[in-house]
Amino acid sequence: MRISYLFLLLLLFSTMTVLDANRIVNGVPIDIREAPWQVSIQKYGFHFCGGSILSSQIIVTAAHCLINMDAKTLSIRAGSRFWKNGGQVMKVAKIKAHDGFSPKKYLNDIALMRLARPLKLGPLAQKIELPTSVPSDGSGASVSGWGLLKAESRERPTILQAVKLRIMDYRKCQKTKYGQNGYLISRQMICASLNSNDACQGDSGGPLVSRKRLVGIVSWGKGCASLGFPGVYTNVAYYLKWISTEIKKLTNC
Ligand code: 4AZ
């Protein structure tokens, strides 16, 4: 009797491990305390992109998330591992996408949002520091979000997922299948991959973090976790000047 229970338990755990292998692409569900800078950007209450808290009233995300969007229809949820409930929901007052964003090449895929009211910062909702320099090739990093668990399935998680990656320098990234297939990886971008770990659709705009600094913004990629095509991120260190200038403009109006 006892042995058969043990067997059933073992069977249960082994199937759980198999199912776990399918998270974010290969990630694990996390507590919001592990990524308290993460927010969900929502239109009419539905999650469509990720973002990161830079200050109580400023969120950074990808420009492609906000193209043709009206701030009036947008809100963010902070301080919760569930995009649907908990934490703090705040309306968006103003959005500013980089003027040089090109939908064709995905250059300058960065945008800021000013919230209607400041967030209450604490252990569950915290700002992330900006980098001081471009992270070096091979640095450990992690990406989080509520995006698809697999490119092919339409499975969307309700709980925030995160996965570990390694930074890949843009020159090295240009030499992957991207270069061989006519894609341009510019120095305003940074890549990251590790085994079959990756960000996917719906993770866009979210944080790539290395040593507690926001080094990248989920931007694009050919598929998700597809061999030879790392995830491509906006290289945040390249935009420090743009970020500080635009934050000043957003705060003074
Ligand atoms: C997307 O469609 C997307 N594998 C985001 C990230 C990646 C691929 C696609 C990276 O928003």
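The values are calculated or read from the model by the stated rules, or taken from the named source; none is laboratory data. Quantities reported herein were computed from a predicted structural model and do not represent experimental measurements. Every residue, glycine as well, gets a Cβ built from its backbone with ideal geometry; the counts of neighbours run over all protein chains shown. Keep in mind that these areas ignore ligands, DNA and RNA; they rest on the heavy atoms of the full protein, side chains included. Shrake-Rupley method; radii C 1.70, N 1.55, O 1.52, S 1.80 Å.
Among the trypsin sites (Lys or Arg not before Pro) in the range 150-253, which ones are in a DSSP loop with at most 13 other Cβ atoms within 10 Å of the Cβ? Mind listing them?
Loop-located and lightly packed - 154, 175, 187, 211, 212.
For the range 140-237, what is the accessible area per residue in Å² when the probe is 1.4 Å?
42 Å²
Would you please state which residues of the range 98-126 a label at residue 43 would reach in this model, taking the label point 7 Å out along Cα→Cβ and a backbone N cut-off of under 14 Å?
none
According to a simple spin-label model (label point 7 Å from Cα along Cα-to-Cβ), what is the distance in nm between residue 137 and residue 104?
Going by the 7 Å Cα→Cβ label model, 3.0 nm.
Set the Förster radius R0 to 41 Å, insert the Cβ-Cβ distance between residue 152 and residue 172 as r into 1/(1 + (r/R0)^6), and round the FRET efficiency to 0.05.
Step by step, r from the Cβ atoms, then E = 0.90.
Expressed as an acute angle from 0 to 90° and rounded to the nearest 10, what is the orientation of the C-alpha long axis of helix 240-251 relative to the principal long axis of the chain?
70 degrees
On the accessible surface of the range 140-237, probed at 1.4 Å, how many percent belong to carbon and sulfur atoms?
49 percent
Along the Cα→Cβ direction, 7 angstrom out, place labels at residue 211 and residue 73. What is the inter-label distance in nm?
In this crude spin-label approximation the distance works out to 4.1 nm.
Assuming R0 = 35 Å, what is the FRET efficiency of residue 121 and residue 187, from their Cβ-Cβ distance, to the nearest 0.05?
That pair, residue 121 with residue 187, gives E of 0.60.
Based on the Cβ-Cβ distance of residue 241 and residue 164, what FRET efficiency does E = 1/(1 + (r/R0)^6) give at R0 = 22 Å, to the nearest 0.05?
So, using R0 = 22 Å, E works out to roughly 0.15.
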